[in-house]
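S.K.: One structure, as structure tokens, below. Some questions next.
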Amino acid sequence: MMDLLDALFISKENFPKGPEAVAARLGVEVCFKPLAGCAGWCIQNNNIIRITINNTMPSVRQRFTLAHELAHLLLGSKSEVRSDAEYFGSNHSEEKAADRVAAEMLLPKEEIQRIAGAPPVDAATIRKLAKKANVSPVMVACRITELAQPLGLVNAAVVSFKGDKIAWIWSKALTVPSEKARTLLRRTREASGGTFHLSSGAGETIFASAIDSPIQTCLFIQVLPVSTDNAQGRGQILIELGKWLFEGNASFRGQVNGCLSSFKATAGNEDIDNALRLFNEKYIGRWTGATGDRMRDPRGQKYLRLRLEEWTRRGR
Ligand SMILES: [Zn+2]
């Protein structure tokens, strides 16, 4: 069996026909025919591998089925007959892994980085990428979510709705409570152009847009970092976060300032992520109870990050 990295390399070289090229290289027989209530399957028999795909489904869906079945072969995991017309919806870890590899074959990281530009990635760019790669816009949003940090986003999530209910959420680290997701979706519907911005408490901007397909409605959430280009905005954010963190407790503020000063030389040799991690390891245990909770809260962490960025290697 082909190595996973080789398969991803072949996909990248043959974009937008990555999965087709991998199938050819593997000698997989691909058949297209109408199937009742199922997207496709894979059968292995005496060195013959055959993937059957339901050709009554949209072409982007058929390509996803091919990539998903190939991913099972590459990962050595068991293929199953999928009865639903959706993807990215499974809670099963082997299915999630296969979906992830399938998406990588269909949309190589380099193509996304080349076309996406500076975040947030708007709806027109998502449609353009989807058309070029011959995949659904939802798939593009899921891939951007996977690549959030390399693309310059703090975080991202795709939330799929069935009617008023959430069918699935695709995100590495962002938690989206159902009520919040419903509110965001409603606001994208009301906003002109189907997108809107919202400031979060930690100074970050949330960019929400609706992505519709014939089979589902999706909400795409991108969390943008605090703009460090804007020194005035940054200073204002630090003041706000400081007010929240210290609540006028001067001795607490003095302790934090003391620790930050002692840490200045160390921070100068680190990038911001390492500096924050090392600072936490070294000092955060000093605060317990309510002050400890505030230091560990995302807003406390954002305050520390902004302070440390003054001194770190790639801070600004
Ligand atoms: Zn599967």
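Any read-out appearing in this document is the output of simple, stated calculations on the displayed coordinates, not a laboratory observation. Just so it is clear, the model here is predicted, and its values are computed rather than measured. Virtual Cβ from ideal backbone geometry, glycine too; neighbours counted across all protein chains shown.
S.K.: Mind giving me the FRET efficiency for Gln113 and Asp273? R0 is 30 Å, r the Cβ-Cβ distance, nearest 0.05 is fine. Each step should come with its number before you reach the end.
M.R.: Values: r = 20 Å, r/R0 = 0.66.
The computed FRET efficiency comes out at 0.90.
S.K.: Calculate, in nm to one decimal, what Glu94 and Asp297 gain on full extension: separation in residues at 0.36 nm each, minus their alpha carbon distance. It would help to have the intermediate numbers written out before the result.
M.R.: Working: separation 203, 0.36 × 203 = 73.08 nm, distance 3.29 nm.
Difference between extended and current length: 69.8 nm.
S.K.: Follow-up. Between Cys31 and Arg127, what is the FRET efficiency for a Förster distance of 45 Å, r being their Cβ-Cβ separation, to the nearest 0.05?
M.R.: On the way: r = 31 Å, r/R0 = 0.68.
Once the sixth-power term is evaluated, E becomes 0.90.
S.K.: Right, something else. Return the Rg/Rh value of the stretch 137-224, two decimal places, where both radii are evaluated on C-alpha atoms and Rh is the Kirkwood radius.
M.R.: Details: Rg = 12.0 Å, Rh = 12.9 Å.
Result: Rg/Rh = 0.93.
S.K.: Give me the aspartates and glutamates in straight-line cross-link reach of Lys131: C-alpha distance below 20 Å, same-chain residues under 8 apart excluded.
M.R.: Leaving aside aspartates and glutamates fewer than 8 places away in the same chain, those within reach of Lys131 are Glu13, Glu20, Glu86, Asp99, Glu104, Glu110, Glu111, Asp122, Glu146, Asp212.
S.K.: In a GNM of the chain with a 10 Å cut-off on Cα contacts, which of Ala102, Ala267, Ala39 has the highest mean-square fluctuation?
M.R.: Fluctuation is largest for Ala267.
S.K.: How big is the dipole moment of the stretch 4-106 about its Cα centre under a simple scheme where the beta carbon of each Lys and Arg is +1, that of each Asp and Glu is -1, and everything else is neutral? Debye, nearest 20, please.
M.R.: Details: 11 positive and 12 negative charges, 39 e Å.
Roughly 180 debye for the stretch 4-106.
S.K.: Also, I was wondering about something else. Using only the alpha-carbon atoms, what does the stretch 231-309 span along each of its principal axes? Please give whole angstrom values in decreasing order.
M.R.: Cα extents, longest axis first: 32, 32, 20 Å.
S.K.: Any idea what angle helix 123-133 forms with the longest principal axis of the chain, computed on alpha-carbon atoms, 0 to 90 degrees, nearest 10?
M.R.: That works out to roughly 40 degrees.
S.K.: Residue farthest toward the positive end of the dipole of the chain, with Cβ of Lys/Arg at +1 and Asp/Glu at -1: which of Leu75, Ala130, Leu238?
M.R.: With unit charges placed on the Cβ atoms, the residue in question is Leu238.
S.K.: Sticking with this one: Need the C-alpha centroid separation for the stretch 282-310 versus the stretch 37-67, integer Å.
M.R.: 51
S.K.: So if each residue of separation counts as 0.36 nm, and I subtract the Cα-Cα distance between Cys259 and Ala173, what length gain in nm does that give?
M.R.: Stretched out fully, the Cys259 to Ala173 stretch lengthens by 28.1 nm.
S.K.: Sort Tyr303, Tyr283 so the one with the fewest other Cβ atoms within 10 Å of its own Cβ comes first.
M.R.: Working: Tyr303 24, Tyr283 18.
Ascending number of Cβ neighbours within 10 Å: Tyr283, Tyr303.
S.K.: Let me ask something else. Could you pull the Cα extents of the chain along its three principal axes, largest to smallest, in whole Å?
M.R.: Largest to smallest, the principal-axis extents are 73, 44, 35 Å.
S.K.: Pop out the ³J(HN,Hα) list for the stretch 179-195 in order, Karplus 6.51 cos²θ - 1.76 cosθ + 1.60 with θ = phi - 60°, rounded to Hz; leave Gly and Pro as x.
M.R.: 4, 5, 4, 5, 4, 4, 4, 4, 5, 5, 5, 7, 6, 6, x, x, 9
S.K.: Multiply the residue separation of Ile284 and Ala250 by 0.36 nm, subtract the distance between their alpha-carbon atoms, and state the gained length in nm to one decimal. Kindly include the intermediate steps, with their values, before the conclusion.
M.R.: Values: separation 34, 0.36 × 34 = 12.24 nm, distance 1.77 nm.
The span from Ile284 to Ala250 would gain 10.5 nm if fully extended.
S.K.: Ranked highest first by average number of other Cβ atoms within 10 Å, how do 137-146, 244-253 line up?
M.R.: Numbers: 137-146: 25.4, 244-253: 13.8.
Going from most to least packed, we get 137-146, 244-253.
S.K.: Shifting gears a bit: Along Cα→Cβ, 7 Å out, is where each label goes; now give me the distance between the ones at Lys17 and Thr183 in nm to one decimal.
M.R.: Each label point lies 7 Å from its Cα, and together they span 4.9 nm.
S.K.: Filter Lys12/Lys165; Lys109/Lys302; Lys96/Lys243; Lys165/Lys302 down to the pairs with a C-alpha to C-alpha distance above 30 Å, please. Walk me through the numbers before you get to the answer.
M.R.: Working: Lys12/Lys165 36 Å; Lys109/Lys302 28 Å; Lys96/Lys243 42 Å; Lys165/Lys302 33 Å.
Check vs 30 Å cut-off fails for Lys12/Lys165; Lys96/Lys243; Lys165/Lys302.
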